[in-house]
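Taking it in order: structure first as C-alpha cells, then the write-up.
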Amino acid sequence: MHDAAPARLIARRASGPLRGQVAIPGDKSISHRALMFGALAVGETRITGLLTGEDVLRTAAAMRALGAEVVADPDGTWRVAGRGVGGLTEPEDVLDMGNSGTAARLLCGILSTHALFAVMTGDASLRRRPMRRVIEPLSATGARFAAREGGRLPLAVEGARDALPLDYVVPVPSAQVKSAVLLAGLNAQGTTRVEEREATRDHSENMLRHFGATVTVELAGAGRVITLHGQPELRAADVMVPGDPSSAAFPLVAALLVPGSELRLPGVGLNPLRTGLFATLLEMGADLTVENRRVEGGEPVGDLLVRHGPLRAVDVPPERAPSMIDEYPILAVAASCASGSTRMRGLKELRVKESDRLAATAALLQVNGARLEIEGDDMIVHGTGAPPPGGGVVATHMDHRIAMSALVLGLATAQPVTAEEAGFIDTSFPGFVALMNGVGADLAAA
C-alpha cells in the first residue's frame, strides 16, 4: 500500500525540469467492471494494473460476499474465480460500498436479476446520493427494491426469479445507468435494449464483448442503441487495466508547464469517449505524442510522451464536455499559463460533481492571481503566456481533482500554492505525491 497523502500539501516551483517515467494508476471505471465481469464468468480471470483505491476494494469485497473467489497476489495481480451468469449466491451480511456510486449502481443491476436477497449501504456521502435512477428501470425486470426516501441507501434488493429483459431509454446521459441495465440483462432471457441520446463511456460494452457476450451498438443521431443477448456464457478473460486518462492529466500538464520537462506515461487508456483533454491540449500547441498504440482488454491504450512548451488559448466546444468532464480543473490551470483567453463552454455538469467544481476551479485560479470570468455555463480564463503569481491557499472542498490541480499550478508559479484537505487524493491516485516528487516535483506537507 502507498503512504496516504498529508491532509495539507504545499507545492513549490520545481527547481529543475520534471524528467522520467510516471506509472499512472489503473482506470477506476475499468477496475470495477473487471472484478464484476470476472465474478460473472466461468473460470479464472487474471487482472493486472487494478486500481487499489478504497472504492475498488469495496467492489472486490462485494464480489467475494456474493460467492466469487477474489485473491490479490503479492506481485499485484488479482485473480477472480467466477460463478457464471446467474450463479452468484446470497450474501450473509450487508454489502458496504463505501463512497463508490459506480459500484453501488452497477451492483444493483447484477443483483436485480439474481434470485437472492441483499442489502446495500455506504458511507454518509453515498447514503445521500440518489439510486432511484437505477431502481426505476431495474424494477421492470421483476426485482423488488426497498429504500429510504428518494431511493437512497440503505437499499434492500430482492432479485427477480425469472427476470424480464429491459427496453430502456436513458433520460439523462449516464454510463452508470446504462451499465446497470446491461448488467441486469445478462441474466434475463431474450434481448435487452438500451438507448442513450448522448454517447457515454462505453467501458461496459467493450468488456462485455471481451468476456464473450454478444453486444451490438448502432448509432442514432448523437446517441446510440445498445443491444445485449441475454444469458450468455461469459468466459474468464484476462484484463490489463489501462492507466486512467483522468489521472494522467496531472503529471502531463505539470510537464507542459515546468521548463525543460519531459515525461513518459506508459499504458494510458485512450478510449475516444475519455480523451477530450488530450485533444484540447494538442489544439493549444502541446508537445504531446502517443507511441505504441494497442488494444488491451477491449480498450485502446498507448504510451504518452510529453515535453514542456508554450501553450496558446483555444475555444473548447460544449460537445467535448462529456469526454473530459473531470479534466476541466486541470485544463483551467493550463489555460492560466497559456497566451490569450481560453473559453470552455457548456460546463453545467461541473456544478454537480463531488463539489461545485466550476466555482471551486474559479476560486483556485483567482486566489493565485489568475484572471477569469464565468458567463452562464462558460468559463473564460485569461492567460498572459506565463504562470500567474501563485501564493494562494486553495479550498479543495474535499475534491481530489481540485487538490491535484492546485498542486500542479504550484510547480509553475513563483509563489508556492497550498491545497487544504488533500488527503483524499489517494481515492483516485494512490501515491501521487511520491510519484511526482520522484520525477523532480517539490510537494510537501504544509
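Read the figures in this text as sums done on the coordinates, not as results from a lab. Since this is a predicted model, take the numbers as computed values, not measurements. As a convention, Cβ positions derive from the backbone with ideal geometry for all residues, glycine included, and neighbour counts pool all protein chains shown.
Counting alpha carbon pairs within less than 8 Å and at least 6 residues apart, what relative contact order, in whole percent, applies to segment 400-446?
35 percent
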* Structure fact -> Computed over segment 28-234, the relative contact order (Cα-Cα under 8 Å, seq sep at least six) in percent reads 18 percent
* Estimated FRET transfer efficiency (ASP315, VAL169; beta-carbon r; R0 30 Å; 0.05) -> 0.40
* Please identify, among ALA146, ALA222, ALA414, the residue showing maximal mean-square fluctuation in a Gaussian network model of the chain using a 10 angstrom Cα cutoff. => ALA222
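Take every DSSP beta bridge whose two residues both sit in the chain, then give the antiparallel share in percent to the nearest 5. Show your work: numbers first, answer last.
On the way: 64 of 83 bridges.
In the chain, DSSP labels about 75 percent of beta bridges as antiparallel.
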* Asked: GNM on the chain, C-alpha springs below 10 Å: top fluctuator among LYS178, LYS348, LYS28?
  -> LYS348
* Asked: Which value, in debye to the nearest 20, gives the size of the charge dipole of the chain about its Cα centre, when Lys and Arg are +1 and Asp and Glu are -1 at the Cβ?
  -> 380 debye
* To do: Net charge near LEU411: determine it from the other residues with C-beta under 14 Å of the C-beta of LEU411, scoring Lys and Arg +1 and Asp and Glu -1.
  => +2
* Residue-by-residue Karplus 3J(HN,Hα) for segment 332-347, coefficients 6.51, -1.76, 1.60, Hz, glycine and proline x -> 4, 4, 4, 5, 5, 9, 8, 9, x, 9, 9, 10, 10, 9, x, 9
* Asked: Between the DSSP loop rule and a limit of at most 13 other Cβ atoms within 10 Å, which GluC sites (Glu not before Pro) in segment 227-330 are left?
  -> GLU233
* Choice from ARG320, ARG294, ARG105 with maximal GNM fluctuation in the chain (Cα, 10 Å cutoff) -> ARG294
* Cα centroid separation - segment 50-89 against segment 409-446, whole Å -> 31 Å
* Which residue, chosen from SER341, VAL290, ALA279, occupies the Cα position most advanced towards the positive end of the dipole of the chain, where the dipole is computed from +1 (Lys, Arg) and -1 (Asp, Glu) charges on Cβ about the Cα centre? -> SER341
* Rounded tilt (10° steps) of 400-410 against the dominant C-alpha axis of the chain -> 20 degrees
* Asked: Which percent, to the nearest 5, of DSSP beta bridges fully inside segment 311-422 are antiparallel?
  -> 65 percent
* Tell me, what HN-Hα J-couplings in whole Hz come from the Karplus equation 6.51 cos²θ - 1.76 cosθ + 1.60 at θ = phi - 60° for each residue of segment 317-326, using x for Gly and Pro? -> x, x, 5, 7, 3, x, 8, 8, 4, 7
* Enter the angle in degrees (range 0 to 90, nearest 10) between the Cα long axis of helix 245-257 and the first principal axis of the Cα atoms of the chain, meaning the one along which they spread out most. => 10 degrees
* To do: Please get the size of the charge dipole for segment 329-446, origin at its Cα centre, with Cβ charges of +1 on Lys and Arg and -1 on Asp and Glu, quoted in debye to the nearest 20.
  => 260 debye
* Structure fact -> Residue separation between ALA124 and THR89 times 0.36 nm, minus their alpha-carbon distance, gives in nm 9.9 nm
* In whole angstrom, how far apart do the alpha carbon centroids of segment 267-283 and segment 136-211 sit? -> 28 Å
* For segment 192-206, 3J(HN,Hα) per residue [Karplus equation, 6.51 cos²θ - 1.76 cosθ + 1.60, θ = phi - 60°, Hz, x = Gly/Pro] -> 9, 10, 10, 10, 10, 7, 9, 5, 10, 2, 10, 4, 5, 4, 4
* Starting with the fewest neighbours, write out LEU257, LEU9 ranked by other beta-carbon atoms found within 10 Å of each beta-carbon. => LEU257, LEU9
* Asked: Where the only charges are on Cβ atoms (+1 Lys, Arg; -1 Asp, Glu), what is the dipole of segment 28-234 about its Cα centre, to the nearest 20 debye?
  -> 460 debye
* Structure fact -> Quick note on LEU111, LEU265, ordering by fewest other C-beta atoms within 10 Å, gives LEU265, LEU111
* Asked: Can you give the Rg and Dmax of the chain based on its C-alpha atoms, in angstrom?
  -> 21.8, 65
* Measure nothing but the geometry: give the 0 to 90° angle between the long axis through the Cα atoms of 28-40 and the longest principal axis through the Cα atoms of the chain, rounded to 10°. => 20 degrees
* What is the gain in length, in nm to one decimal, between ALA115 and ARG64 on full extension, counting 0.36 nm per residue of separation less the C-alpha to C-alpha distance? -> 16.6 nm
* Summed side-chain charge close to TYR168 - residues other than TYR168 whose Cβ falls under 10 Å, Lys, Arg +1, Asp, Glu -1 -> -2
* Chain lengthening between ASP73 and ARG152 when straightened (0.36 nm per residue, less Cα-Cα) -> 24.9 nm
* Asked: With the dipole of segment 28-234 worked out from charges on the C-beta (+1 for Lys and Arg, -1 for Asp and Glu) around the Cα centre, which of SER179, LEU57, GLY159 lies farthest toward the positive end?
  -> SER179
* Of the beta bridges DSSP finds with both residues in segment 368-443, what % are antiparallel, to the nearest 5? -> 60 percent
